[in-house]
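Computed from the coordinates by the stated procedures, all read-outs in this text should not be read as laboratory data. Here the structure is a predicted model, which means the values were calculated and not measured. Every residue, glycine as well, gets a Cβ built from its backbone with ideal geometry; the counts of neighbours run over all protein chains shown.
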Amino acid sequence: MNFYHSARLFACILLFAVVGQYQGALAQSSDVSDKFWSIVVPAASALEVDMGRVLVHRSRDSVVVGFLRNIGPVAIQIDSIAFTGPDAGLFSVISGAPPYIIPHGETRTVVFRFAPESVGLKTAIINVQTQVGPVQCPIRGEGVLPQAEIPLNIVDFGDVYLGTVKDTTISAAIHNAGSIPLTVTGTGQLGPDVVQFSEVSGGGGFTLAPAESHTMTLRFAPVRSGHSTGGIGFSVDGMEEQASLLLVGNGICMHEEAVLALDTIRARPGDQVDIPVYLRGTERILCDQTTEFRAGIRFNATLLVPTDPTPAGSVEDGERTILLDQLPVKADEQGAIAHLTFIATLGNAEGTPLVVENPIAVGGDVTVAGVPGYFLLTDLCHEGGTRLFDAAGQIVLRQNRPNPFNAITVIEYEVIEDGPTRLYVADLLGRVVSVLVDDFVQAGRSHVAFDASALSSGIYTYILQTPTQQVHRLMEVVK
């Protein structure tokens with residue numbers, strides 16, 4: 001038997017002797033216990049902690065259930081939890097910090113936080129101070145950066161006609177190339193063009209598992225011609241800068257043929273005639289650079305006389321040509337972009353083609369064709385041959401008699417066609433002061449008396465207007 005055991009045996013014999021003497025003194029009033037004294041030591045254990053991968057400059061809290069366990073026969077007091085090691089400052093206790101007592105056989109849950117400031121594996125030692133000494137265990141975590149990848153970089157929609165749309169589905173608009181889930185907090189359009197490009201589906205926020213890609217459907221709907229660029233930005237948790245997908249497209253004009261067309265129109269001599277100019281072949285011109293149409297309308301001058309607001313045009317070799325510009329690119333409900341007004345007259349033919357000459361689109365890349373119409377006189381008398389006249393003849397407006405005059409004068413005139421006729425008096429500023437005739441007049445000679453008693457002295461002009469011609473003379477009023 002060694003010295004240690006001998007000393008311990010001696011101490012125990014001495015203790016029993018003292019106790020025996022004490023018990024003997026109390027023998028008359030109490031029982032003598034037959035149990036021996038025993039020595040117990042409290043004990044605790046702790047779990048290793050792995051905080052996993054956490055984004056740099058972010059933090060993660062982990063609930064470690066049963067982190068501390070009382071493995072001794074009696075309750076144990078926990079005084080503190082601290083961290084040591086090179087990365088100790090990256091770890092902390094959020095919940096479950098001592099002091100407290102853990103009863104025999106029970107555990108204690110602790111919540112730890114890991115907040116890496118750089119990439120890489122981070123480690124520390126957890127030091128749990130108990131009433132019987134420290135308990136140590138390791139804690140680790142890895143700081144990582146998100147790895148968002150844009151596989152395509154550029155989505156090229158190519159040439160798209162103005163007024164139409166093109167949708168493109170991208171199966172891998174953004175890809176998680178990292179080893180941790182990638183959280184996209186939102187998507188948004190990037191300039192410069194945020195009007196013609198748009199998201200159809202797949203926008204908003206979402207989370208991608210490692211190696212997972214996200215599908216989006218994008219749209220290019222050009223409203224103006226030419227190349228345009230835009231983009232889609234992805235806001236990724238843990239990334240200071242947005243990941244971006246570039247979008248490009250080219251808006252082009254619809255290369256189709258627009259048609260300016262005239263209809264077949266029928267009217268009696270003297271009727272007011274409306275001739276629409278139709279835009280056909282397309283409901284609208286899809287090139288935003290087309291600002292107007294221009295064309296010429298040519299016809300037999302003896303059959304139609306322009307009235308306001310239709311331009312008079314010019315007459316050459318018996319044909320009148322009216323040049324039309326600033327014709328709009330948008331048609332009215334009837335499909336017309338202009339309405340020309342005329343008076344039908346008894347001319348040298350029963351009808352005339354209405355020819356559309358040199359139609360063009362101004363400012364746009366649109367081919368324009370012209371489709372002619374036809375005008376036909378109706379209700380003609382054919383007995384003894386159709387009564388037509390040669391518009392090359394001249395109407396007659398004779399000088400008023402007397403002239404100068406004080407109150408009453410007579411004006412003689414002769415027209416060579418049936419139709420609406422007007423004879424009126426105007427001052428030298430062009431203001432009408434009296435209308436003498438405004439009616440449908442048969443071809444032939446006529447005269448009218450003019451009472452100028454209400455006029456002041458001066459020079460006046462009197463004008464004879466027939467469906468195809470106009471003449472005027474001067475008269476003088478003397479008071």
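Structure notes:
- Each of Ala148, His227, Ala209 was scored by the projection of its Cα onto the charge dipole of the range 148-252, and the greatest displacement toward the positive side belongs to His227; charges sit on the C-beta of Lys, Arg, Asp and Glu.
- FRET efficiency, Arg422 to Asn358 (Cβ-Cβ, R0 30 Å, nearest 0.05): 0.35
- Pairs of Cα atoms nearer than 8 Å and 6+ residues apart set the relative contact order; for the range 148-252 it is 39 percent.
- Partners of Lys330 within straight-line reach, counting aspartates and glutamates whose Cα lies under 13 Å from its Cα and excluding those fewer than 8 residues away in the same chain: Glu283, Asp288, Glu292.
- Between helix 3-25 and the chain there is an angle of about 80 degrees, using the helix long axis and the longest principal axis of the Cα atoms.
- Exposure rule at most 16 other beta-carbon atoms within 10 Å, DSSP loop GluC sites (Glu not before Pro): the chain longest free segment: 384-479
- Taking the Cα centre of the range 316-455 as origin and assigning +1 to Lys and Arg Cβ atoms and -1 to Asp and Glu Cβ atoms, the resulting dipole is close to 520 debye.
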